Structures are given as C-alpha cells and as structure tokens.
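This report concerns only the one structure given below.
The values are calculated or read from the model by the stated rules, or taken from the named source; none is laboratory data. If you're wondering where the values come from, they're calculated on a predicted model, not measured in any experiment. Cβ: placed from backbone, ideal geometry, glycine included. Neighbour counts: every protein chain shown. Only protein heavy atoms, including side chains, enter the accessible area calculation; ligands, DNA and RNA are left aside. Shrake-Rupley method; radii C 1.70, N 1.55, O 1.52, S 1.80 Å.
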Amino acid sequence: MDIIGGGIAGLALAGILDPERFAVTLHEQRPELPSVGTTLAMWAGAQAAIARLRLLDQLRDAGTKLASGALRDPSGQAMLSMEGDTLLGIPRPALLKLLDSAVPTTVQRVTGRVERLPRDSWLTVGADGVHSVVRRTHWGSRAVARPTPVLAVRGVIPGNPSPEDVGEYWGRGNLFGLAPAGEGTNWYASFRSGPGPDQVDVPEALDTTRRLFSGHAAAVQHVLAQATAETTLAQRIWIAPPLARYTRRNVVLIGDAAHAMTPNLAAEPANP
Ligand SMILES: Cc1cc2nc3c(=O)[nH]c(=O)nc-3n(C[C@H](O)[C@H](O)[C@H](O)COP(=O)(O)OP(=O)(O)OC[C@H]3O[C@@H](n4cnc5c(N)ncnc54)[C@H](O)[C@@H]3O)c2cc1C
C-alpha cells in the first residue's frame, strides 16, 4: 500500500496499520519534520484517535489544556461559555513529531514529491493535503482545490492570556481567537479579504488584521499590539470541494485531500 503525504493524516494512518498485515510505503516530500508552527486545537474526537495510537498521555504532556473559554461578541461579552477538559491545544510541530514516532520501522519511507502515482500499488491513499495530486489524478481537474476569499492570520505572543479573555470573538464575516499555549498566547484571525494573490504579504495582512479588529475587545487589541510580522503566519484558505465518493477503484482520499474546509468548518463563504 502507498500512502502519499506524511502530514497529520498520513502519519496517523501509517501508525495505526498492523505491520503484520500491511506492507506500507509512506511518501513525503518534506525532508524533515517542521520545527515551527502555531497551535492546533484538538477536540475529543481527535484525541480519541490519538488514544488509539497510544499517544494520548504524551499528547497531554506536550499540549495545553483549554479548560475554559467562550464564544464572544466583538466586545468580549460571552455568548456561550465552555468549561471542562475536552479541548487541548498542541503545537503542530509537536503533534507531527508524536505521530511520526508511532510509525513502525517496517514502514518504508520515501522522501520526495510524488507527481506520478505508483502504478503497481494495490491501494493508494491520498493523504497529500488540500492541493492533492492523488485527487487531481483520479477525480480530475474539476475536483481540484479552489481558493476562498478568506485569509487566516495567526501567531504566538509571549505571556498567557487572562482566563476571562480566552475564546473566540465572532464579528460580521470575521473571527478572532486567543488561548494559552505553553508560556504564551496562541492567536488567530480569519476574515474575508476578497479574492487576491495566493502569496499573502505578512506585514500587510497584520496591518489589515489590526484595522479590521480595531473595534474589538481590549484583549484582542493587546494581542495585536504585541504581534510582529516575524511571529505571524498569514495564508489564504483553500477548500477541496466535496465529492460524491472519496474512493475510486483502488484509491482513497483522507484528511484535507478529501475535505479541506474553511476555519468555521462550514461551506465556502460567498464573496463579499
Ligand atoms: C489556518 C488553519 C488553522 C487550522 N487550525 C486547526 C485546528 O486548530 N484544529 C484542527 O483540527 N485543524 C486545524 N486546521 C486543519 C488542519 O491543519 C488540517 O485539517 C490538517 O493539517 C490536515 O492534515 P493532512 O495530513 O490531511 O494534510 P496536510 O497537513 O496538508 O499534510 C499533507 C502532507 O502531504 C505532503 N505532500 C503534499 N503533496 C505531496 C506530494 N505530491 N508528494 C509527497 N508529499 C506530499 C505535505 O508535505 C504534507 O506533509 C487548520 C487549518 C488551517 C489552514
């Protein structure tokens, strides 16, 4: 079996398959695991999958429990509060490292970008993300990912936020989130920017974020005042349109190759 893509989905699959039953080749274009990245929020379902890989304790050690938070209006007023220990924030590089450690040594690793899919494989798994080559090859050019008018801007600043500021601030066509991450604060903003180039200019995106959220709560202003272009990532969000089926003959799509979504997990927003 060939798994194309060693991101979250590909590594998790390679880690869960019984080496006694499956001879697996894992193809990943990146020569090394990433060392930088922001925090990924993981709900109970994702944590249950990690538990099946027997990595839950290590995940909890590496992550930050988000015990309370709220959905807020732009002024910070809570609309819906959340208590409990269901949500965990984990730095993406730490998650990838953990998943990578669960891949059995019997899995054959091939480093390099796959452009032409293996012909003799009895099963090809497309775990190659939103711009999936597997999807394009087997579902055709009409199924390829398309850009949305949404930008995601995110980063980490030093210092934990006050517990009463943690959560997501929902405005009209935009959202801003902040939560503790280790010794720092993980923040993210998402908003419609209109169609534009795929390469996003980070200082410009940060300026736009500051302007768009200038009427938001003091906690949001505080984060954006601390953020610098060097500690900020900005990207256009792409989605992979839904397919009637995610399998075709001996090919299957998983993860973002199957269903990459916008940050609100919803359908593609209409153009402003
Ligand atoms: C801004 C943003 C914030 C997000 N926040 C969260 C969050 O808080 N919680 C959450 O659960 N999800 C979040 N997501 C979604 C989450 O990041 C994705 O769903 C997840 O990364 C998908 O994993 P994947 O393995 O399917 O794809 P990817 O992570 O894209 O991995 C694909 C892998 O395949 C490799 N690859 C691609 N093409 C080839 C090729 N041709 N040959 C060889 N290798 C190839 C890539 O190098 C990569 O390693 C967020 C997404 C974005 C954009």
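The spacing between the stretch 24-43 and the stretch 93-147, judged by their C-alpha centroids, is 12 Å. The HN-Hα couplings worked out from phi for the stretch 130-140 by the Karplus form 6.51 cos²θ - 1.76 cosθ + 1.60 (θ = phi - 60°) are 4, 9, 4, 5, 5, 4, 5, 5, 9, 10, x Hz, whole numbers, x standing for Gly and Pro.
For SER101, the solvent-accessible surface with a 1.4 Å probe is about 80 Å², rounded to the nearest 10.
What FRET efficiency comes out for the pair ASP207/MET79, r = Cβ-Cβ distance, R0 = 30 Å, nearest 0.05? That pair, ASP207 with MET79, gives E of 0.60.
Amide H to amide H distances under 5 Å link LEU40 with ILE90, ARG92, where only residues 5 or more positions off or on other chains count and H is placed in the peptide plane.
When ligands, DNA and RNA are left out and all protein chains stay put, how many square angstrom of accessible area per residue does the stretch 147-237 have with a 1.4 Å probe?
Details: 4320 Å² over 91 residues.
Using a 1.4 Å probe on heavy atoms only, each residue of the stretch 147-237 averages 47 Å².
A dipole drawn for the chain from +1 and -1 charges on Cβ atoms has a positive end, and of ALA227, VAL144, SER193 the residue lying farthest that way is VAL144.
Just from its helices, what would the mean residue ellipticity at 222 nm be for the chain, if runs of 4 or more DSSP H residues each count -39500 (n - 2.57) and the sum is divided by every residue, rounded to the nearest 500 deg cm²/dmol? Each step should come with its number before you reach the end.
On the way: 8 runs with 66 residues, N = 272.
Using -39500 (n - 2.57) per qualifying helix, the result is -6500 deg cm²/dmol.
Diagonalising the gyration tensor over the Cα atoms of the stretch 101-142 and scaling each eigenvalue by 5 before taking the square root yields semi-axes of 22, 12, 10 Å, largest first. Across q = 0.18, 0.19, 0.23, 0.25 Å⁻¹, the stretch 33-122 modelled as identical point scatterers on its alpha-carbon atoms has Debye log10 I(q)/I(0) values of -0.92, -0.97, -1.16, -1.24, in the order of the q list.
Computed over the chain, the range of Cα coordinates on each principal axis works out to 58, 41, 32 Å, biggest value leading. Extending 7 Å from the Cα toward the beta-carbon at both SER35 and LEU233 defines two label points whose distance is 1.6 nm. Descending by average beta-carbon neighbour count within 10 Å, the peptides 248-259, 113-124 line up as 248-259, 113-124, the highest first. The alpha carbon centroids of the stretch 234-248 and the stretch 197-216 are separated by 25 Å. When the alpha-carbon atoms of the stretch 147-237 are used, the pair Rg, Dmax equals 12.4, 37 angstrom.
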